[in-house]
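Chemist: A single structure is presented below for examination.
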Amino acid sequence: MKEINAAELAKLVNGKLIGDGDRKVCRAASLKDADENSVSFVAKSKYEHLLESTKAGVVLVCKDLANAPLNGRTFIVCDDCDYAFTQAAGCFAPPPIVFEPGIHPSAVVHPTAKIGKNVYIGPCAVIEEGVEIGDGTVIGAGCYIGHFTTVGKDCKFLANVTVSFRCRIGNKVILNSGVVIGCDGFGFLPTPQGLVKVPQTGIVQIDDDVEIGANTTVDRARFGKTWIKSNVKVDNLVMIAHNVVIGESSILIAQCGIAGSAEIGRGVILAAKSGVNGHITVGDGVQLAGTSSLAKSAPAGAIMLGTPAETQREFMARHTLPKKVEKLKSQIAELEKRIAELEKK
Amino acid sequence: MKEINAAELAKLVNGKLIGDGDRKVCRAASLKDADENSVSFVAKSKYEHLLESTKAGVVLVCKDLANAPLNGRTFIVCDDCDYAFTQAAGCFAPPPIVFEPGIHPSAVVHPTAKIGKNVYIGPCAVIEEGVEIGDGTVIGAGCYIGHFTTVGKDCKFLANVTVSFRCRIGNKVILNSGVVIGCDGFGFLPTPQGLVKVPQTGIVQIDDDVEIGANTTVDRARFGKTWIKSNVKVDNLVMIAHNVVIGESSILIAQCGIAGSAEIGRGVILAAKSGVNGHITVGDGVQLAGTSSLAKSAPAGAIMLGTPAETQREFMARHTLPKKVEKLKSQIAELEKRIAELEKK
Amino acid sequence: MKEINAAELAKLVNGKLIGDGDRKVCRAASLKDADENSVSFVAKSKYEHLLESTKAGVVLVCKDLANAPLNGRTFIVCDDCDYAFTQAAGCFAPPPIVFEPGIHPSAVVHPTAKIGKNVYIGPCAVIEEGVEIGDGTVIGAGCYIGHFTTVGKDCKFLANVTVSFRCRIGNKVILNSGVVIGCDGFGFLPTPQGLVKVPQTGIVQIDDDVEIGANTTVDRARFGKTWIKSNVKVDNLVMIAHNVVIGESSILIAQCGIAGSAEIGRGVILAAKSGVNGHITVGDGVQLAGTSSLAKSAPAGAIMLGTPAETQREFMARHTLPKKVEKLKSQIAELEKRIAELEKK
């Protein structure tokens, strides 16, 4: 385990040291789990009370807490505690697992596949006909890359990822285990002979710097492409249906789902378990609250909550109804008394 | 890329040509993505306004739009535009990926397994003892078929599907990647010694023409069988618990879930993210809205919304409450004034 | 198929025989599916009416039903029918699938891995550098165990499970197919250069006797560990985010999700599709209803419903609003009449 002192750590995270610079640090931990050789952090002044009970020897604090009582600890004051703590944690982290370039003898790589330089292909991975894989990419054990799919440079597919045929994956794309890209979209036409499958003849295109979480699924388009643009980050167990388009730098949190042909703008946040209806447009920067379901198109910048999703104002009007109704009830009782009084006259 | 002209296309989709029959078509696309060599479609007259901005050279239109202005385009009037466009799109689609019959040398097939004619078993697939696989079936790379499971004819299991032991899969069943069939149902008895696992000794039976989406799970029965009847279509990331029965031609959309021992009728539609409680009965043709949760049995044909799900009438009564309460509030204010007036007398 | 008589069955389940002890039983089935050679069960007196239509020859009944009319059937009165039926079903179940110890020649086991006694490693499984696997553990076909991960004794990983590097799995842990343990948590910092990945340098620790359902995902910690304590039972398609802690014997039902750093107590029940916000504390024994979303910490023993989740009392106040509003409306109409009457005077 690495060991540095508080002064060195302050330098590393570009923060200002307050207190004992010689204190040894060999671990990054939450305030709760920290011991005297740990560095922890408090990024917001509203969490100041948590400083009382932590055993952390060194705490990265935000500027507002620079004058909080040290109580024998060492503070490092940082502009961005969250980022600084990430740097500190990296300093004590075990070395990353490295996949040395090479194709494992148990991998099955079609002779027509074009494999770039410094590519790693893990045990029991399967690379089909006509696949192209760019330099520096890691294809984990048990992955399947379907016919004529192209994968860019410096991608990292963890173990047991599935990418079906003719998809286009950009550079520096991370696919976590269990991800399924390019299975058929869900399309059936009701006919007198029953439900008939609508051929899904399109593809999935994923642009650069996208990360997709474990067991998430992205369906191939009915025609054209399902398209995830650059820098989009998708969490686990998310469902992205056929012909969906997701704009740059949008964030899709766990277990959310987007129905067919919806268009999501840039910088959108879909919180956990939220849903977006098919064939609607979600403007740039829209934020959809957790478990909320967006049934109609939303303009840029809208913050939407509930099912069906409403604006914050509408949502609060609905949410506070029980209190309002109680108030009306007592007002009516009051009126009733006054009327009874009048009737007596 | 294939190229045909509008007159040929009209013949292919059995539609009536209006305008230039010589126009070249080499692509099927949405109205938005279309260029002058594309065919696109407008299936309902309410979307007529979309005709204004599309660049599509040829548009399949419904009968109601037969007299809409051509503006230099070619129309093909169709009885069922959705179906006709599917045919058109198929015409320009790349050739499908074909899995030529044969067992890949890296597949692990138990000597007791009975493999039919013209079966494909992909790289690193594992077929256990006593499995039977019918003629013409495709078992993708990395699939696992457990002991004594039977798979019918002309099935297609995409890469990395898991089917556990003793399950029964019919003919023409499609399982998309990441599907898990036949893992243990979720059953534990609370005892003084803690939670004790209830053995799940039943199976999963899937009848003909069923399609199941990526990363969906179907649990084996506690006893007897979990049963998905013919022509049922299941989307991605759906959860079907032990001893559930699903009637013919029902549709289960992404991320919905059905708890243990629920019985779903024929032709039921469970929309995205909806849920059905355990041990209840869902009548034929019931439609459960997206994200809604059905807590009690529903009669045939019911349309249910909300959590817990209610009829449309009940749902709307709840949904319009904020307006109703505002109205009551102003009525009360009005009465208050009138009473004050009376009290002055 | 095994065959015993009712008297033998009564002995086996430690129940009291009423009626013909010679009746043959060769099957366990639900009341609906039972035939005359089946044993079924009625665990609660409120289900007595189901006895009328069943064809079951032998029925395990609870004490309250000991005097119900036999109608030619045999009853076995049991203290705990649910448990007794589990024993009975086990008696007629097909023999379990046994994975004989041994490493399949197609498995890829790193030479530094330490494999215990009587371990089974299935076809195409991949065991990376420095892995340790305890005695009697079963690693199914196609599983991936990442670098330096330790797995305890008598675990059972079904086919196609993924456990990433440096995780710690205890004894008697069951991981169903498609489970993904230890992929990166979802953490990104917004910067002027776009979203930057926060390194996830922690691990996942899973204690003894945990069972995890198909296609569930458990993310590795940002630092420290994501921790599932002993005897926790997790259903299918559940999302457990980074740094979550789950207390002993808690139950997580299908498709629920827990956001980052939430702390779940002991004996908590999160019902199907429920959600828990990040960074909150859920007290021991809390029950969160299906589809409900807990936004704030809940004290021990709380029963919470709705989104955002409320107490039962608050939930019912909200749920019964339509009726209350209708009542207020008629009260107002009544007052209006009385005022009009007064105004006439």
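Chemist: Let me check the size of chain A from its C-alpha atoms; what are the radius of gyration and Dmax in Å?
Modeler: Values for chain A (Cα only, Rg and Dmax): 27.4, 103 Å.
Chemist: Going by how many other beta carbons lie within 10 Å of each one, how would you line up B:I258, A:I269, fewest first?
Modeler: Arranged by neighbour count, lowest to highest, B:I258, A:I269 become A:I269, B:I258.
Chemist: Which whole-number percent of Cα pairs in segment A:213-345 have a distance greater than 19 Å? Mind dumping the intermediate values first?
Modeler: On the way: 4700 of 8778 pairs.
Here the tail beyond 19 Å accounts for 54 percent of pairs.
Chemist: Need one number: % antiparallel among DSSP beta bridges in segment C:263-344, to the nearest 5.
Modeler: Taking every DSSP beta bridge within segment C:263-344, about 20 percent pair in antiparallel fashion.
Chemist: Right, here's the next one. Counting Lys and Arg as +1 and Asp and Glu as -1, each charge on the Cβ, what is the dipole of the protein assembly as shown about the Cα centre in debye, to the nearest 20?
Modeler: 2500 debye
Chemist: A further question on this structure: Which of C:M239, C:G290, A:F75 sits farthest toward the positive end of the charge dipole of the protein assembly as shown, with +1 on the Cβ of Lys and Arg and -1 on the Cβ of Asp and Glu?
Modeler: C:G290
Chemist: From the label point of A:R313, set 7 Å along Cα to the beta carbon, how far off in nm is each other copy's matching point, shortest first?
Modeler: 3.4, 3.4
Chemist: Can you sort C:S250, C:S330 so the residue with the fewest Cβ neighbours within 10 Å comes first? Don't skip to the end; give the middle numbers.
Modeler: On the way: C:S250 24, C:S330 9.
Neighbour counts put them in this order, fewest first: C:S330, C:S250.
Chemist: Right, another one. Tell me the relative contact order for segment A:4-92 as a rounded percent, counting alpha carbon contacts under 8 Å between residues six or more apart.
Modeler: In percent, rounded to a whole number, it is 32.
Chemist: How large is the convex hull of the Cα atoms of the protein assembly as shown per residue, expressed in Å³ as a whole number?
Modeler: 214 Å³
Chemist: Using the Cα centre of chain B as the reference point, and only Cβ charges (+1 on K/R, -1 on D/E), how large is the resulting charge dipole? Debye, rounded to the nearest 20.
Modeler: 940 debye
Chemist: Using Cβ counts within 10 Å as a stand-in for footprinting exposure, how do C:C256, C:C78, C:C91 rank, fewest first?
Modeler: Values: C:C256 29, C:C78 24, C:C91 18.
Final ranking by Cβ density, sparse to dense: C:C91, C:C78, C:C256.
Chemist: Pull up the DSSP beta bridges for segment A:4-92 and report the antiparallel fraction as a percent, rounded to 5.
Modeler: Of all bridge pairs located within segment A:4-92, approximately 35 percent are antiparallel.
Chemist: Using θ = phi - 60° and the Karplus relation 6.51 cos²θ - 1.76 cosθ + 1.60, list the HN-Hα couplings for segment C:47-61 in order, rounded to whole Hz, with x at every Gly or Pro.
Modeler: Each residue of segment C:47-61 in turn: 9, 3, 4, 5, 5, 4, 9, 6, 9, 4, x, 10, 10, 7, 10 Hz.
Chemist: Shielding by partners for A:267-278, please: the mean number of other protein chain Cβ atoms within 10 Å of each residue's Cβ. Working shown, then result.
Modeler: Values: counts 2, 0, 0, 0, 3, 11, 14, 2, 7, 1, 3, 2.
Neighbouring Cβ atoms belonging to other protein chains average 4 per residue here.
Chemist: Averaged across C:316-329, how many Cβ atoms of other chains sit within 10 Å of each residue's Cβ atom?
Modeler: The per-residue average across the peptide is 6.
Chemist: Show which lysines lie in cross-link reach of A:K46 when reach means a straight Cα distance below 16 angstrom and same-chain residues fewer than eight apart are skipped.
Modeler: A:K63
Chemist: In addition: Can you list the copy-to-copy distances for B:A300, using a point 7 angstrom from Cα toward Cβ, in nanometres, shortest first?
Modeler: 5.3, 5.3
Chemist: In nm to one decimal, list the spacings between the C:N71 label point and its equivalents in the other copies, with label points set 7 Å along Cα to Cβ, shortest first.
Modeler: 7.0, 7.0
Chemist: While we're looking at this one, here's another question. Which whole-number percent is the relative contact order of chain C (Cα, under 8 Å, 6+ apart)?
Modeler: Computed value for chain C: 6 percent relative contact order.
Chemist: Counting only other chains, and only Cβ atoms inside 10 Å, what mean value do you get across the residues of A:159-172?
Modeler: Partner Cβ neighbours, averaged per residue: 4.
Chemist: Okay, next question. Total Lys pairs in segment B:102-314 closer than 19 Å by alpha-carbon, pairs eight or more apart in sequence or interchain only?
Modeler: 18
Chemist: Still on this structure: By average Cβ neighbour count within 10 Å, what is the ranking of A:132-141, B:46-55 from highest down?
Modeler: Ranked by mean Cβ neighbours within 10 Å, highest first: A:132-141, B:46-55.
Chemist: Would you pull out the residues with amide H under 5 Å of C:S106's amide H, same chain only if 5 or more places away, H placed 1.01 Å from N?
Modeler: Correct list: C:C124.
Chemist: Something else: Which one, C:V108, C:G57, C:P95, projects farthest toward the positive side of the charge dipole computed for segment C:56-118 from Cβ point charges (K/R +1, D/E -1)?
Modeler: Looking along the dipole axis, the top candidate is C:V108.
Chemist: Using DSSP, restrict attention to beta bridges with both residues in the protein assembly as shown and report what percent are antiparallel, rounded to the nearest 5.
Modeler: 15 percent
Chemist: Got a sec to turn the phi values of segment A:242-254 into Karplus ³J(HN,Hα) couplings, 6.51 cos²θ - 1.76 cosθ + 1.60 with θ = phi - 60°, whole Hz, x for Gly and Pro?
Modeler: The phi angles translate into 5, 6, 5, 10, 10, x, 3, 6, 6, 10, 10, 8, 3 Hz.
Chemist: Also, quick follow-up: How large is the dipole of segment A:233-345 about the Cα centre if only Lys and Arg carry +1 and Asp and Glu carry -1, each at its Cβ, rounded to the nearest 20 debye?
Modeler: Approximately 540 debye in magnitude.
Chemist: Could you give log10 I(q)/I(0) at q = 0.10, 0.13, 0.20, 0.23 Å⁻¹ for segment B:4-92, computed by the Debye formula over C-alpha point scatterers of equal weight, without solvent?
Modeler: At q = 0.10, 0.13, 0.20, 0.23 Å⁻¹ the computed log10 ratios are -0.18, -0.31, -0.78, -1.09.
Chemist: Once Rh for segment A:1-160 is found with the Kirkwood sum over Cα pairs, what is the Stokes-Einstein diffusion coefficient at 25 °C and 0.890 mPa s, in µm²/s?
Modeler: Estimated via Stokes-Einstein, D reaches 134 µm²/s.
Chemist: Could you pull out every one of the lysines with an alpha carbon less than 23 Å from that of C:K327, ignoring same-chain neighbours closer than 8 positions?
Modeler: A:K323, A:K324, A:K327, A:K329, A:K337, B:K323, B:K324, B:K327, B:K329, B:K337, C:K337
Readers should treat all values here as calculations from the given coordinates under stated rules, not as data from a laboratory. Remember, it's a predicted structure, so these values are computed and weren't measured experimentally. FYI the Cβ positions are ideal-geometry reconstructions off the backbone, even for glycines, and counts take in every protein chain you see.
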